[in-house]
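Here's the structure we're looking at; comments come further down.
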């Protein structure tokens with residue numbers, strides 16, 4: 001992210017583009033440029049470079065993963081799911097691939113599939129507050145607010161200063177008719193948002 005913050009992203013792109021022009025088969029230069037594009041939200045260009053890297057080096061796990069990430073940020077959830085599924089096929093123990101595929105499923109409102117992926121990600125990498133929160137959102141999406149509250153509570157235990165799981169838990173309490181706990185969590189979320 002340093003390139004984005006310090007304004008060196010364009011310089012890095014120029015240097016990597018020059019390297020690619022000198023050697024069009026230099027896969028690492030394409031992957032490096034794709035990463036700079038991804039960090040700077042130039043998603044179409046990142047995807048194009050990852051596709052070219054995969055043409056030159058088929059099956060490269062990192063290129064497939066980060067292309068899936070670019071697709072997810074671009075909103076092409078079907079392509080993201082396909083890439084994360086391929087990463088999982090190649091490396092089933094990569095928790096972040098399960099979590100990202102779960103996020104894509106949740107964005108599609110395929111909450112049951114999202115829950116399966118988030119659960120597997122948690123099995124592989126248990127102390128992940130964000131994954132508990134995301135699974136809480138998916139449980140809330142299915143209407144299972146008791147399970148949502150359980151996951152939001154675990155996310156809060158792991159990261160008590162993050163306002164987001166308090167907000168999610170507040171909504172689930174409200175859905176269950178528990179205004180007292182809902183109001184308490186709203187207040188806690190606001191305190192942490194300052």
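Please verify whether segment 91-107 includes one or more residues that are within 21 Å of residue 172 (Cα to Cα), touching a helix residue (DSSP H, G or I) at 6+ places or on another chain (Cβ under 7 Å) and surrounded by fewer than 16 Cβ atoms within 10 Å (Cβ to Cβ).
Checked segment 91-107: at least one residue is within 21 Å of residue 172 (Cα to Cα), touching a helix residue (DSSP H, G or I) at 6+ places or on another chain (Cβ under 7 Å) and surrounded by fewer than 16 Cβ atoms within 10 Å (Cβ to Cβ).
Quick check on segment 49-66. Is at least one of its residues in the same structural domain as residue 25 (by TED's automatic domain parsing), on the phi < 0 side of the Ramachandran plot and either modelled with pLDDT under 95 or under 12 Å from the mean Cα position of the chain (by Cα) (or both)?
There is at least one residue in segment 49-66 that is in the same structural domain as residue 25 (by TED's automatic domain parsing), on the phi < 0 side of the Ramachandran plot and either modelled with pLDDT under 95 or under 12 Å from the mean Cα position of the chain (by Cα) (or both).
Restricting segment 86-112 to residues that are outside any loop (DSSP other than H, G, I, E, B) and over 15 Å from the mean Cα position of the chain (by Cα) leaves a set whose member that is nearest to residue 162 (Cα to Cα) is 111. Would you check if residue 193 is farther than 26 Å from residue 54 by Cβ, at pLDDT 95 or above and outside the structural domain of residue 50 (by TED's automatic domain parsing)? Against the criterion (farther than 26 Å from residue 54 by Cβ, at pLDDT 95 or above and outside the structural domain of residue 50 (by TED's automatic domain parsing)), residue 193 does not qualify. Identification of helices (runs of 4 or more DSSP H) wholly contained in segment 127-194 with 1 or more residues that are closer than 19 Å to residue 107 by Cα yields 129-142, 145-158, 163-175. Whenever a residue of segment 81-94 is under 11 Å from residue 63 (Cα atoms), its partners that are part of a loop (DSSP other than H, G, I, E, B), lying with C-beta atoms within less than 8 angstrom and at least six residues away or across chains, give the pairs 87/94.
Of the residues 177, 143, which is more than 21 Å from the chain's Cα centre (by Cα), under 30 Å from residue 68 (Cα atoms), surrounded by fewer than 16 Cβ atoms within 10 Å (Cβ to Cβ) and not assigned by TED's automatic domain parsing to the domain that holds residue 81? Matching residue, one of 177, 143: 143.
The values are calculated or read from the model by the stated rules, or taken from the named source; none is laboratory data. Because the structure is a prediction, the values reported are computed rather than measured. FYI the Cβ positions are ideal-geometry reconstructions off the backbone, even for glycines, and counts take in every protein chain you see.
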